[in-house]
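Trainee: Below: one structure in structure tokens.
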Amino acid sequence: MRPATVPATGAAGAPAGAPVVLESPPEPVLAGPTEREWSAAVAAVLAQPRDAALLLICHVNPDGDALGSMLGFGQGLCRLGFTRVVCTFPGPPEVPEPFAALPGLELLVPEAQAPAEPALVLCFDAASESRLGGLRDRLDRSPSIVLDHHASNTRFGGVHLVDPTAAATSVVAEHLLARLGVPLDRDIAECLYVALATDTGSFKFDMTTPAVHELAARLLATGLAPAEIARRVFDTRPFGAVRLYGEALGRAQLDPTAAGGLGLVWTYATQADLARHGQRPYVLEGLIDAIRPAAEADVSCVIKQTGPAEWAVSLRSKGGVDVSRVAVALGGGGHRLAAGFTGRGTADEVAAAVRAQLATP
Ligand code: AMP
Ligand code: MN
Ligand code: MN
């Protein structure tokens, strides 16, 4: 229990001579961008000549928020009259099938074709430079604006538009577009909506505030077809992936004693599993949502092989555990209830590392 203290504001009322114990500072409230930061971002964009090279980048293995916020914002820059808007992300230039119909994909180029010294870099949904692969050097060479919503953001880059209270980076992107005077049209809205819907788990996660639904309403009002978008983004996968899910679910393990008794459910999928079913890695993105319903576990974990001894690890919590703490301790990042890291060794060793972190208070 907290010791009895005198709040700082009430100190004046303390009896004369009594020792004044100041209340310990509250948990750091990571506030959103300041007015100065918003203004700096607007100025940095509008200062550019309309034929300046503008490079938009997002994190490796881009998800709906990374792609949606980047492509939505890229189209907004085009509406402002910018003629050299280029979007890219590190790694193989493959867009996962659920996002292959996003408007604005014509702005996307492979990493190798991105301008070496753009006039301005805009970075989307990356908590740290380590998520930018070979593109991170652009941040050293050019002025930059970082749009993000991870509490673990390392504040790299030039102007920081980082709002940990935002449900998705697309919330930040929409706000900057509004400040730049770009009206929402259907194509921009579809990108921002996909970003919002994916990062809130279809408007189910705890950051799904009234403001999120208000933004969704404004996006839908441009004429979007939400059922069709949801079918494409969430509810479509190849039959081979359905069979692969069956295997991975069949070997899921439950450890009710993990995380001080809150419980852990976990499984893994190897590159050989993918090959056997003729599937691409992105199909495993939804696997975590297939194991997390297990009622006996607060924490769920999916370990996805990306190399001989390398794994992309997804962590989720139902509220009892801050999984970003676990992910950060293991070299990754993310949010309190959804985080990830790169694991090394065997799947069992990665799971053991997660269990060990969960056992650390
Ligand atoms: P995922 O499980 O891949 O959907 O990722 C969940 C969250 O964890 C996202 O917000 C990611 O930004 C974050 N995350 C996942 N993998 C990593 C990683 N290797 N490093 C840092 N953050 C990560
Ligand atoms: Mn992301
Ligand atoms: Mn995000």
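The values are calculated or read from the model by the stated rules, or taken from the named source; none is laboratory data. Keep in mind the model is a prediction, meaning the values are calculated, not measured. Cβ coordinates were reconstructed from backbone atoms using ideal geometry, including for glycine residues, and neighbour counts include every protein chain displayed. Note: accessible area is taken over every heavy atom of the protein model, side chains too, but ligands, DNA and RNA are not part of it. Shrake-Rupley method; radii C 1.70, N 1.55, O 1.52, S 1.80 Å.
Trainee: Quick check on my filter: what residues within the range 253-271 are open to solvent by 40 Å² or more (accessible area, probe 1.4 Å) and touching a residue at least 12 places away in the same chain (Cβ under 8 Å)?
Mentor: Answer for the range 253-271, where residues must be open to solvent by 40 Å² or more (accessible area, probe 1.4 Å) and touching a residue at least 12 places away in the same chain (Cβ under 8 Å): 253, 254, 256, 260, 262, 268, 271.
Trainee: Shifting gears a bit: Can you name every residue in the range 202-214 that is more than 14 Å from ligand 3 (Cβ to nearest atom) and not in a loop (DSSP other than H, G, I, E, B)? Give the derivation first.
Mentor: Restricting attention to the range 202-214, the residues satisfying the condition of being more than 14 Å from ligand 3 (Cβ to nearest atom) are 202-204, 206, 209-211, 213-214.
Those that are more than 14 Å from ligand 3 (Cβ to nearest atom) and not in a loop (DSSP other than H, G, I, E, B): 210, 211, 213, 214.
Trainee: Here's a follow-up. Say whether the condition of being within 30 Å of residue 235 (Cβ to Cβ), open to solvent by less than 30 Å² (accessible area, probe 1.4 Å) and in contact (Cβ under 8 Å) with a residue 24 or more places away in the chain is met by at least one residue in the range 33-48.
Mentor: No, the range 33-48 contains no residue that is within 30 Å of residue 235 (Cβ to Cβ), open to solvent by less than 30 Å² (accessible area, probe 1.4 Å) and in contact (Cβ under 8 Å) with a residue 24 or more places away in the chain.
Trainee: While we're on this one: Can you give me the ranges of the strands (runs of 3 or more DSSP E) entirely in the range 242-361 with at least 1 residues that are within 16 Å of ligand 1 (Cβ to nearest atom) and assigned by TED's automatic domain parsing to the domain that holds residue 63? Lay out the reasoning, then the answer.
Mentor: Working: elements: 253-255, 264-269, 299-307, 310-317, 338-344.
Because the criterion is at least 1 residues that are within 16 Å of ligand 1 (Cβ to nearest atom) and assigned by TED's automatic domain parsing to the domain that holds residue 63, no strands (runs of 3 or more DSSP E) in the range 242-361 meet it.
Trainee: Moving on. Exactly one of these conditions fails for residue 131: (1) within 16 Å of ligand 2 (Cβ to nearest atom); (2) open to solvent by less than 40 Å² (accessible area, probe 1.4 Å). Give me its number.
Mentor: (2)
Trainee: Check 17, 74, 81 and return the single one that is at pLDDT 95 or above, more than 16 Å from ligand 3 (Cβ to nearest atom) and on the phi > 0 side of the Ramachandran plot.
Mentor: Exactly one residue qualifies, and that residue is 81.
Trainee: Here is a further query. Does any residue in the range 59-70 that is over 19 Å from residue 110 (Cβ atoms) come within less than 6 Å, Cβ to Cβ, of a residue that is assigned to a loop (DSSP other than H, G, I, E, B) and more than 8 Å from ligand 1 (Cβ to nearest atom) six or more places away or on a different chain, and which pairs are these?
Mentor: As it stands, the answer is 65/168, since those pairs meet every condition given.
Trainee: I've got another one for you. When residues of the range 143-185 are filtered for being over 13 Å from residue 207 (Cα atoms), within 14 Å of ligand 2 (Cβ to nearest atom) and surrounded by 23 or more Cβ atoms within 10 Å (Cβ to Cβ), how many remain?
Mentor: 7
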